[in-house]
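> The structure follows.
The values are calculated or read from the model by the stated rules, or taken from the named source; none is laboratory data. From a predicted model like this one, the values you see are computed outputs, not experimental measurements. Cβ placement follows ideal geometry from the backbone for every residue including glycine, while neighbour counts extend to all protein chains displayed.
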(Lines give C-alpha, C1' and ligand atoms only; values in the text may rest on other atoms or scores of the structure.)
Protein backbone atom coordinates (compact mmCIF):
# COMPACT_ATOMS: atom_id res chain seq x y z
CA UNK A 1 0.00 0.00 0.00
CA UNK A 2 1.46 3.35 -1.08
CA UNK A 3 1.10 6.13 1.46
CA UNK A 4 -0.03 9.53 0.32
CA UNK A 5 2.11 12.67 0.59
CA UNK A 6 -0.71 15.08 1.38
CA UNK A 7 0.42 17.91 3.63
CA UNK A 8 4.07 17.51 2.68
CA UNK A 9 6.44 19.58 0.54
CA UNK A 10 9.12 18.39 -1.86
CA UNK A 11 11.91 20.03 -3.84
CA UNK A 12 13.02 18.40 -7.10
CA UNK A 13 16.17 19.73 -8.75
CA UNK A 14 16.82 19.27 -12.44
CA UNK A 15 13.05 19.30 -12.92
CA UNK A 16 12.95 20.81 -16.39
CA UNK A 17 13.22 17.47 -18.20
CA UNK A 18 13.70 13.74 -17.92
CA UNK A 19 13.79 12.07 -14.52
CA UNK A 20 13.29 15.33 -12.63
CA UNK A 21 10.21 16.27 -14.62
CA UNK A 22 8.69 12.80 -14.22
CA UNK A 23 9.48 12.77 -10.49
CA UNK A 24 7.85 16.14 -9.90
CA UNK A 25 4.70 14.93 -11.66
CA UNK A 26 4.68 11.72 -9.65
CA UNK A 27 5.16 13.40 -6.27
CA UNK A 28 2.50 15.94 -7.14
CA UNK A 29 0.09 13.14 -8.04
CA UNK A 30 0.80 11.57 -4.64
CA UNK A 31 -0.39 14.78 -2.95
CA UNK A 32 2.82 16.70 -2.26
CA UNK A 33 3.27 20.35 -2.96
CA UNK A 34 6.33 20.56 -5.17
CA UNK A 35 9.03 23.18 -5.72
CA UNK A 36 10.51 22.53 -9.15
CA UNK A 37 14.02 23.87 -9.70
CA UNK A 38 16.19 24.11 -12.81
CA UNK A 39 17.82 26.72 -15.04
CA UNK A 40 15.25 26.58 -17.87
CA UNK A 41 12.31 28.56 -16.58
CA UNK A 42 10.19 28.12 -19.70
CA UNK A 43 10.14 24.36 -19.24
CA UNK A 44 9.40 24.72 -15.54
CA UNK A 45 6.40 26.91 -16.31
CA UNK A 46 5.02 24.27 -18.66
CA UNK A 47 5.56 21.61 -16.02
CA UNK A 48 3.83 23.75 -13.40
CA UNK A 49 0.70 23.83 -15.54
CA UNK A 50 0.76 20.03 -15.73
CA UNK A 51 1.16 19.56 -11.99
CA UNK A 52 -1.36 22.25 -11.02
CA UNK A 53 -0.49 25.81 -10.13
CA UNK A 54 -2.04 25.55 -6.68
CA UNK A 55 0.54 23.00 -5.53
CA UNK A 56 3.72 24.04 -7.31
CA UNK A 57 6.47 26.65 -6.96
CA UNK A 58 8.68 27.47 -9.93
CA UNK A 59 12.28 28.23 -8.99
CA UNK A 60 14.76 29.18 -11.70
CA UNK A 61 17.90 27.90 -10.01
CA UNK A 62 21.49 26.97 -10.75
CA UNK A 63 22.39 24.71 -7.83
CA UNK A 64 26.11 25.00 -8.59
CA UNK A 65 25.82 28.48 -7.10
CA UNK A 66 25.63 27.99 -3.33
CA UNK A 67 23.62 31.16 -2.81
CA UNK A 68 21.03 30.06 -5.36
CA UNK A 69 20.79 26.58 -3.84
CA UNK A 70 20.17 28.11 -0.43
CA UNK A 71 17.63 30.56 -1.85
CA UNK A 72 15.81 27.63 -3.48
CA UNK A 73 15.30 26.04 -0.08
CA UNK A 74 14.48 29.31 1.68
CA UNK A 75 11.86 30.28 -0.91
CA UNK A 76 10.25 26.86 -0.71
CA UNK A 77 9.91 27.03 3.06
CA UNK A 78 8.73 30.65 2.92
CA UNK A 79 6.02 29.73 0.40
CA UNK A 80 4.85 26.36 1.72
CA UNK A 81 5.90 26.54 5.37
CA UNK A 82 7.97 23.38 5.52
CA UNK A 83 10.16 20.91 3.62
CA UNK A 84 9.73 17.13 3.84
CA UNK A 85 11.51 15.76 0.76
CA UNK A 86 14.56 16.79 -1.22
CA UNK A 87 15.21 15.01 -4.52
CA UNK A 88 18.72 15.84 -5.74
CA UNK A 89 18.32 14.96 -9.40
CA UNK A 90 20.23 17.68 -11.26
CA UNK A 91 23.28 16.22 -12.97
CA UNK A 92 25.33 15.98 -16.13
CA UNK A 93 27.09 13.02 -17.76
CA UNK A 94 30.07 13.95 -19.96
CA UNK A 95 31.95 10.83 -21.01
CA UNK A 96 35.16 10.14 -22.91
CA UNK A 97 38.81 9.23 -22.36
CA UNK A 98 40.70 10.82 -19.47
CA UNK A 99 43.79 11.37 -21.62
CA UNK A 100 43.34 14.63 -23.50
CA UNK A 101 39.90 15.30 -22.03
CA UNK A 102 38.51 18.85 -21.91
CA UNK A 103 39.04 19.69 -18.25
CA UNK A 104 36.04 22.03 -18.37
CA UNK A 105 33.83 18.94 -18.72
CA UNK A 106 35.29 17.56 -15.50
CA UNK A 107 34.66 20.85 -13.74
CA UNK A 108 31.03 20.91 -14.89
CA UNK A 109 30.42 17.42 -13.54
CA UNK A 110 32.08 18.07 -10.18
CA UNK A 111 30.23 21.36 -9.75
CA UNK A 112 26.79 19.96 -10.59
CA UNK A 113 26.88 16.27 -9.67
CA UNK A 114 28.71 16.81 -6.39
CA UNK A 115 28.80 20.42 -5.22
CA UNK A 116 25.26 21.24 -6.33
CA UNK A 117 23.98 18.22 -4.44
CA UNK A 118 26.03 19.15 -1.36
CA UNK A 119 24.87 22.76 -1.34
CA UNK A 120 21.21 21.79 -1.71
CA UNK A 121 21.38 19.13 0.97
CA UNK A 122 23.19 21.37 3.45
CA UNK A 123 20.56 24.07 3.06
CA UNK A 124 17.67 21.61 3.32
CA UNK A 125 18.76 19.55 6.32
CA UNK A 126 17.56 21.84 9.14
CA UNK A 127 14.08 21.92 7.60
CA UNK A 128 14.03 18.18 6.95
CA UNK A 129 15.02 17.48 10.54
CA UNK A 130 12.18 19.72 11.71
CA UNK A 131 9.66 18.03 9.39
CA UNK A 132 10.69 14.61 10.71
CA UNK A 133 9.47 15.69 14.15
CA UNK A 134 6.06 16.87 12.98
CA UNK A 135 2.83 15.72 11.40
CA UNK A 136 1.61 14.50 9.00
CA UNK A 137 4.25 11.79 8.54
CA UNK A 138 6.97 12.32 11.17
CA UNK A 139 9.64 11.35 8.67
CA UNK A 140 11.59 13.20 5.97
CA UNK A 141 13.62 12.16 2.95
CA UNK A 142 16.76 13.02 1.00
CA UNK A 143 16.81 11.18 -2.31
CA UNK A 144 20.02 11.38 -4.31
CA UNK A 145 19.68 10.32 -7.94
CA UNK A 146 23.01 8.76 -8.81
CA UNK A 147 23.80 6.10 -11.43
CA UNK A 148 25.03 2.58 -11.93
CA UNK A 149 28.25 4.55 -12.62
CA UNK A 150 28.41 5.07 -8.87
CA UNK A 151 28.87 1.32 -8.39
CA UNK A 152 30.94 0.18 -11.39
CA UNK A 153 33.90 2.08 -12.88
CA UNK A 154 34.11 1.79 -16.65
CA UNK A 155 36.40 2.80 -19.46
CA UNK A 156 35.75 6.36 -20.69
CA UNK A 157 33.62 7.23 -17.65
CA UNK A 158 36.37 8.07 -15.16
CA UNK A 159 35.36 11.47 -13.86
CA UNK A 160 31.65 10.77 -14.13
CA UNK A 161 32.32 7.62 -12.10
CA UNK A 162 34.25 9.70 -9.58
CA UNK A 163 31.36 12.09 -9.04
CA UNK A 164 28.81 9.31 -8.66
CA UNK A 165 31.00 7.25 -6.34
CA UNK A 166 31.28 10.47 -4.32
CA UNK A 167 27.49 10.81 -4.18
CA UNK A 168 27.24 7.25 -2.87
CA UNK A 169 29.84 7.85 -0.14
CA UNK A 170 28.24 11.12 0.94
CA UNK A 171 24.79 9.53 1.01
CA UNK A 172 25.84 6.65 3.24
CA UNK A 173 27.71 8.89 5.67
CA UNK A 174 24.76 11.28 5.92
CA UNK A 175 22.38 8.35 6.35
CA UNK A 176 24.29 7.18 9.40
CA UNK A 177 24.26 10.71 10.82
CA UNK A 178 20.53 11.44 10.57
CA UNK A 179 18.69 8.12 10.36
CA UNK A 180 17.93 7.94 14.09
CA UNK A 181 16.26 11.34 13.70
CA UNK A 182 13.95 9.86 11.04
CA UNK A 183 15.50 11.62 8.08
CA UNK A 184 15.94 8.86 5.51
CA UNK A 185 18.71 9.10 2.92
CA UNK A 186 18.19 7.09 -0.24
CA UNK A 187 20.33 6.47 -3.29
CA UNK A 188 18.63 5.79 -6.63
CA UNK A 189 21.00 4.32 -9.22
CA UNK A 190 19.56 4.16 -12.74
CA UNK A 191 21.15 2.28 -15.59
CA UNK A 192 20.51 3.44 -19.16
CA UNK A 193 17.56 5.83 -19.31
CA UNK A 194 16.21 7.44 -22.46
CA UNK A 195 16.68 11.13 -21.57
CA UNK A 196 18.49 14.12 -23.05
CA UNK A 197 21.46 13.50 -20.72
CA UNK A 198 23.35 11.77 -23.53
CA UNK A 199 22.96 14.73 -25.88
CA UNK A 200 25.25 16.93 -23.78
CA UNK A 201 28.26 14.90 -24.94
CA UNK A 202 30.61 15.54 -27.85
CA UNK A 203 29.46 13.97 -31.18
CA UNK A 204 32.13 11.26 -31.16
CA UNK A 205 31.13 10.23 -27.63
CA UNK A 206 27.45 10.07 -28.56
CA UNK A 207 28.33 7.88 -31.53
CA UNK A 208 30.21 5.45 -29.29
CA UNK A 209 27.39 5.36 -26.73
CA UNK A 210 24.84 4.55 -29.41
CA UNK A 211 27.07 1.73 -30.63
CA UNK A 212 27.48 0.37 -27.10
CA UNK A 213 23.78 0.24 -26.30
CA UNK A 214 22.61 -0.82 -29.76
CA UNK A 215 18.92 -1.76 -29.95
CA UNK A 216 18.54 -2.27 -26.18
CA UNK A 217 15.23 -1.10 -24.78
CA UNK A 218 16.16 1.62 -22.30
CA UNK A 219 14.37 2.70 -19.18
CA UNK A 220 11.99 5.65 -19.31
CA UNK A 221 12.07 8.60 -16.93
CA UNK A 222 8.79 7.45 -15.42
CA UNK A 223 10.45 4.19 -14.33
CA UNK A 224 12.88 6.11 -12.14
CA UNK A 225 10.17 8.47 -10.91
CA UNK A 226 8.25 5.39 -9.77
CA UNK A 227 11.30 4.26 -7.80
CA UNK A 228 11.65 7.67 -6.15
CA UNK A 229 7.97 7.84 -5.25
CA UNK A 230 8.01 4.30 -3.87
CA UNK A 231 11.00 5.21 -1.71
CA UNK A 232 9.51 8.33 -0.13
CA UNK A 233 6.04 6.89 0.42
CA UNK A 234 7.19 4.02 2.64
CA UNK A 235 5.93 4.05 6.24
CA UNK A 236 8.07 5.75 8.86
CA UNK A 237 9.51 2.45 10.09
CA UNK A 238 10.95 1.58 6.65
CA UNK A 239 13.94 3.16 4.91
CA UNK A 240 14.85 2.22 1.35
CA UNK A 241 18.56 3.01 1.38
CA UNK A 242 19.56 2.01 -2.13
CA UNK A 243 17.75 1.17 -5.38
CA UNK A 244 19.60 -0.06 -8.47
CA UNK A 245 17.37 0.02 -11.56
CA UNK A 246 18.67 -1.20 -14.90
CA UNK A 247 17.01 -2.04 -18.20
CA UNK A 248 16.25 -5.74 -18.36
CA UNK A 249 18.70 -6.13 -21.25
CA UNK A 250 21.56 -4.17 -19.67
CA UNK A 251 24.33 -6.54 -18.59
CA UNK A 252 26.61 -4.16 -16.66
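> Of all residues in segment 123-163, how many are part of a helix (DSSP H, G or I), in contact (Cβ under 8 Å) with a residue 24 or more places away in the chain and within 26 Å of residue 9 (Cα to Cα)?
8
> Tell me whether segment 176-191 contains one or more residues that are under 22 Å from residue 33 (Cα atoms) and surrounded by fewer than 20 Cβ atoms within 10 Å (Cβ to Cβ).
Looking through segment 176-191, at least one residue is under 22 Å from residue 33 (Cα atoms) and surrounded by fewer than 20 Cβ atoms within 10 Å (Cβ to Cβ).
> Here's a check for you: in segment 216-242, which residue that is more than 18 Å from residue 12 (Cα to Cα) and not in a loop (DSSP other than H, G, I, E, B) is modelled with the lowest pLDDT?
219
> Can you name every residue in segment 204-252 that is touching a strand residue (DSSP E or B) at 6+ places or on another chain (Cβ under 9 Å) and without any contact (Cβ under 8 Å) to a residue 12 or more places away in the chain?
The answer is 238, and nothing else.
> Out of all the residues in segment 176-215, which are modelled with pLDDT of 95 or more, under 26 Å from residue 21 (Cα atoms) and out of contact with any helix residue (DSSP H, G or I) (no Cβ under 7 Å at 6 or more places or on another chain)?
184
> Out of curiosity, is residue 53 within 30 Å of residue 135 (Cα to Cα) and modelled with pLDDT under 95?
yes
> Can you find a residue in segment 138-156 that is surrounded by 15 or more Cβ atoms within 10 Å (Cβ to Cβ) and farther than 25 Å from residue 244 by Cα?
no
> Follow-up. Can you say whether residue 185 is touching a strand residue (DSSP E or B) at 6+ places or on another chain (Cβ under 9 Å), without any contact (Cβ under 8 Å) to a residue 60 or more places away in the chain, farther than 21 Å from residue 94 by Cβ and assigned to a helix (DSSP H, G or I), as far as the supplied structure shows?
Answer is no for this residue.
Yes or no, residue by residue, for (1) at pLDDT below 95; (2) within 17 Å of residue 114 (Cα to Cα); (3) not in a helix (DSSP H, G or I):
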{"site": "23", "(1), (2), (3)": "no, no, no"}
{"site": "35", "(1), (2), (3)": "no, no, yes"}
{"site": "45", "(1), (2), (3)": "no, no, no"}
{"site": "49", "(1), (2), (3)": "no, no, no"}
{"site": "62", "(1), (2), (3)": "no, yes, yes"}
{"site": "77", "(1), (2), (3)": "no, no, no"}
{"site": "86", "(1), (2), (3)": "no, yes, yes"}
{"site": "91", "(1), (2), (3)": "no, yes, yes"}
{"site": "96", "(1), (2), (3)": "yes, no, yes"}
